[in-house]
Amino acid sequence: MRLDQIETPKVLKTLSIDELNDLAGQIRSELVSTVARNGGHLASNLGVVELTLALHRVFDMPADKLIFDVGHQSYVHKLLTGRYDRFHTLRTHGGLSGFPKRSESEYDAFETGHASTAISAALGMARARDQLGGKHQVIALVGDGAMTGGMCYEALNDAGNSKTRMIVILNDNEMSIARNVGALSRHLTNLRASRGWKDAKTAVRSGLERIPLIGRPVANCIEWLKDTIKSVFVDEQNEGFFDALGFRYYGPIDGHDLPGLIRTLENVKELQEPVVVHVLTQKGHGYDKAEEKPEIFHGTPPFYVESGDRRKVGSLPSYGTVMAKTLAEMAEEDKRIITITAAMPSGTGLNHFQDRYPDRMLDVGIAEEHAVTMAAGLAAGGMKPYFAVYASFAQRGFDQLIHDVCMPNLPVTLLLDRAGLVGEDGETHHGVWDFASTLPVPNLTVLAPRDIGELKTMLRWSAAHNGPCVIRYGRNSVDLSARYPNAETFTPGKWELLEQGRDCTLLAVGSMVEVAIAVRDMLAEKGILARLVNASSVKPMDEAMLRKIADKPVFTLEEHVRTGGFGAAISTYMVENQLPAPAKIFALPDAFVTHGSRAVLLDECSLSPEKIAADVIHTLETK
């Protein structure tokens, strides 16, 4: 059967194993060609092809509910659930999302994008089923990386304690296929998962215990012998761990063995208790370039299939690379400097710091809350910690930032990468709420560099700053120094006047400085001369300059939601000091912005240079 003929996953129940394996090959070809063209998460999806086929073969989605953790491994699921004809639009504006999306398909039971949430969501759906008298299955598909997040264990503890019927599939793609995943191991796991085995085991033990004197000792002896044999073939450490949490454990299972996966899932779905099925998969399975370098093909921009080389997207180093190399230079002089990542050393650029100082780069796993509080502990102990994290992921450490870092006024620096619109990853990954969460917090300095040069000066300033600080920067690095040379030092509370002007002021922050430059040039063509200010010190703001520029209409520009953002803070200051409020706040709308290229999204949100310039002209004319 061809992949393009699958309209619903129900057809998988009619296919032979050979036909399913052939389908797996077609899926891998489609994954590689589409991600090579559009970019996206490749290695993890290549690793779950057989697992996803088995899940849709055994269970009855959408009646049964499949919840993905993180969700970036849902591409195969999309291909099998009636979306093949649109798969070429993956991660493009107006096309399929790179993550599960309830509005996109009834097969997407829950929306995800951040890690460690699936077990909690699945437990909630299972309890809703029980309250409403339903009989369907609820399955959480969780990667081993997500299991580094503490939320998983809160959910496991709750589910195991309540004995709520649900299935957790632990997709372990960091391990090789272990020694104990062989024919006998699979047989023992399938046998233990079957209803017949469980019923027979219960009946035998019950019968033996009714025999006077010798019954209970014999039963205990058989149990001991069973456990001894099982320990040779079964991952006893994992079984004991999940058993302590109240889950029955089965595995490990070869995640690329379709017959074994199907048999195990068929048996497990009959159980009336919480179950963990441990599946071992290989990242990048079936595409040699991704198998060799799975970390490179985890989330990748477009690439050439034949070589695996990325298509060139720009000549500038990323903000993360500049950050890491600058910190490495600073670390030569300052032994206190230490860096932290939450399982994203390459994504944030900290791998470059790690190359120089492997003992001074700490990877805590997907545990942002822990990372922030640990950084506070490091600072209290005399170190100078820098936690580099995507802005959207940093949201998880908000309570810790307030209570553990800012209240005691500790010198912790958060480096918020991917601030603003990140493009194709969409709603769950846009970093557009950090001003609203950080600006109200006392003791916290909030900065946003205009380009890579200003980022360097901010980092060097931060080494001597004896308090908490946030530096936010976007996904796309820029260098404006050819037109506006960078200052040699940075001073918080002081803004940079880039251009004088008689008609109005463009007050821009971070990534929007580049946009404001283009806006000013467009206005100049119309005879309007705008003052241009780089407001890189968001908190504290430059109050002296703000009072000075209030003589002309002020327009604020930010890549952040309007509510609680930079423009809102400026408005508050002006109103409180009897100054004219901004003529217009250019910011993102009160809505979840979809996926697409950053340029397209800025235009859709009326933040492109052309739309801002037209709006400024209209506002000046009407005023």
Taking the stretch 380-412 and the residues there that are among the small types (Gly, Ala, Ser) and open to solvent by less than 10 Å² (accessible area, probe 1.4 Å), the one that is farthest from residue 476 (Cα to Cα) would be 397
Return the only residue of 118, 122, 140, 159 being at negative phi, in contact with a Cys (Cβ under 9 Å, 6 or more places away or on another chain) and open to solvent by less than 20 Å² (accessible area, probe 1.4 Å). 118
Inspect all residues belonging to the stretch 232-240 and state whether any of them is free of Cβ contacts under 8 Å to residues at least 60 places away in the same chain and in contact with a Pro (Cβ under 6 Å, 6 or more places away or on another chain). yes
How many residues are under 20 Å from residue 435 (Cα atoms) and open to solvent by 40 Å² or more (accessible area, probe 1.4 Å) when one looks only at the stretch 577-593? 6
If we scan the stretch 318-333, do we find a residue that is modelled with pLDDT of 95 or more, part of a loop (DSSP other than H, G, I, E, B) and surrounded by fewer than 17 Cβ atoms within 10 Å (Cβ to Cβ)? no
Looking at (1) within 30 Å of residue 88 (Cα to Cα); (2) among the basic types (Lys, Arg); (3) in contact with a Lys or Arg (Cβ under 9 Å, 6 or more places away or on another chain), which is the one condition that is false for residue 325? (1)
Among the residues of the stretch 444-455, count how many are among the charged types (D, E, K, R), open to solvent by 10 Å² or more (accessible area, probe 1.4 Å) and under 26 Å from the mean Cα position of the chain (by Cα). 0
Go through the stretch 569-603 and give me each residue that's within 28 Å of the chain's Cα centre (by Cα) and without any contact (Cβ under 8 Å) to a residue 24 or more places away in the chain. 591, 599, 603
Limited to the stretch 234-282, what total is found for residues that are among the acidic types (Asp, Glu) and modelled with pLDDT of 90 or more? 5
Criterion (touching a strand residue (DSSP E or B) at 6+ places or on another chain (Cβ under 8 Å) and closer than 30 Å to residue 96 by Cα) met by exactly one of 446, 422, 364, 372: 422
For the condition open to solvent by less than 60 Å² (accessible area, probe 1.4 Å), at pLDDT 95 or above and either in contact with a Lys or Arg (Cβ under 8 Å, 6 or more places away or on another chain) or in a loop (DSSP other than H, G, I, E, B) (or both), what is the one hit in 134, 113? 134
Specify which of the listed residues (611, 623) is basic (Lys, Arg) and at pLDDT 95 or above. 611
Are any residues in the stretch 272-296 open to solvent by 10 Å² or more (accessible area, probe 1.4 Å) and part of a loop (DSSP other than H, G, I, E, B), and if so, which ones? 272, 273, 282, 283, 285, 286, 287, 293, 294, 295, 296
Of (1) small (Gly, Ala, Ser); (2) open to solvent by 40 Å² or more (accessible area, probe 1.4 Å); (3) farther than 24 Å from residue 474 by Cβ, residue 376 fails just (2)
Where residues in the stretch 456-482 are among the charged types (D, E, K, R) and either within 15 Å of residue 512 (Cα to Cα) or part of a loop (DSSP other than H, G, I, E, B) (or both), which of them is least open to solvent (accessible area, probe 1.4 Å)? 472
Which is open to solvent by 50 Å² or more (accessible area, probe 1.4 Å) and closer than 28 Å to residue 584 by Cβ, of 433, 495? 433
Could you tell me whether any residue of the stretch 511-530 is part of a loop (DSSP other than H, G, I, E, B), within 25 Å of residue 433 (Cα to Cα), touching a Phe, Trp or Tyr at 6+ places or on another chain (Cβ under 6 Å) and at pLDDT 95 or above? no
Of the conditions (1) closer than 24 Å to residue 69 by Cβ; (2) among the polar types (S, T, N, Q); (3) assigned to a loop (DSSP other than H, G, I, E, B); (4) at pLDDT 95 or above, the single one that residue 400 does not satisfy is (3)
Is it the case that some residue within the stretch 15-35 is in a helix (DSSP H, G or I), of a type in the set (Asp, Glu) and over 23 Å from residue 289 (Cα atoms)? yes
If I ask for residues that are open to solvent by 40 Å² or more (accessible area, probe 1.4 Å), under 29 Å from the mean Cα position of the chain (by Cα) and under 18 Å from residue 107 (Cα atoms), which ones from the stretch 2-29 would you list? 8
Check on residue 539, surrounded by fewer than 22 Cβ atoms within 10 Å (Cβ to Cβ) and farther than 24 Å from residue 454 by Cβ: no
Can you name every residue in the stretch 543-571 that is open to solvent by less than 10 Å² (accessible area, probe 1.4 Å) and either out of contact with any His (no Cβ under 8 Å at 6 or more places or on another chain) or assigned to a strand (DSSP E or B) (or both)? 546, 549, 554, 555, 556, 557, 558, 559, 560, 565, 567, 570
Given the condition of a type in the set (Gly, Ala, Ser), modelled with pLDDT under 95 and crowded, with 24+ Cβ neighbours inside 10 Å, answer yes or no: does some residue in the stretch 52-66 qualify? no
Just to be sure before I move on: is residue 343 open to solvent by less than 50 Å² (accessible area, probe 1.4 Å), closer than 21 Å to residue 152 by Cβ and modelled with pLDDT under 95 in the structure I sent? yes
Which condition breaks for residue 603 when tested against (1) open to solvent by 20 Å² or more (accessible area, probe 1.4 Å); (2) on the phi > 0 side of the Ramachandran plot? (2)
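The values are calculated or read from the model by the stated rules, or taken from the named source; none is laboratory data. For clarity, every value in this text was computed on a predicted model and none was experimentally measured. All Cβ positions, even for glycine, are placed from backbone atoms using ideal geometry, and neighbour counts span all protein chains on display. For the accessible areas, the whole protein counts, side chains as well, though only heavy atoms, and no ligand, DNA or RNA atoms are used. Shrake-Rupley method; radii C 1.70, N 1.55, O 1.52, S 1.80 Å.
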